[in-house]
Amino acid sequence: MRFVQIGEKAGSTIPLPAAALRTSGLEIYGAAAGMTPESISEGTNQVWEWIKEGKLSMDIEKVPLNEIESVWKRTDFKGKRIVIVP
């Protein structure tokens with residue numbers, strides 16, 4: 001699991017149990033210093049270009065909302081994104 005922290009709009013600290021770092025494979029990334037609206041815009045534009053050029057893809061599974069309970073119990077999400085659809 002990867003946690004990416006950018007900025008502090010929700011607060012400057014988070015509660016994180018030590019066991020989460022030892023046993024989950026959690027990766028923590030962060031960015032804030034030196035980030036400007038221009039650099040964020042530039043990065044966003046670059047991502048859109050990669051998408052248009054087919055250089056960026058994601059394994060996505062669409063799941064109907066009425067199956068949300070069974071999805072919550074699953075553990076096979078490594079590398080996959082689940083999108084709940086109405």
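Where a number appears in this text, it was derived from the coordinates with a stated rule and is not lab data. Worth saying up front: this structure is predicted, and the values here are computed from it rather than measured. All Cβ positions, even for glycine, are placed from backbone atoms using ideal geometry, and neighbour counts span all protein chains on display.
Listing for the model above:
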{"read-out": "Calculated FRET efficiency for the pair residue 82/residue 10, C-beta based, R₀ 22 Å, to 0.05", "value": "0.45"}
{"read-out": "Partners for residue 52 among aspartates and glutamates (Cα-Cα distance below 17 Å; same-chain residues under 8 apart left out)", "value": "42"}
{"read-out": "The chain, relative contact order [Cα under 8 Å, separation at least 6], %", "value": "26 percent"}
{"read-out": "Over 23 Å [Cα-Cα, the chain], rounded percent", "value": "49 percent"}
{"read-out": "Total charge dipole magnitude, the chain, about the Cα centre, Cβ charges on Lys, Arg, Asp, Glu only, Debye to nearest 20", "value": "300 debye"}
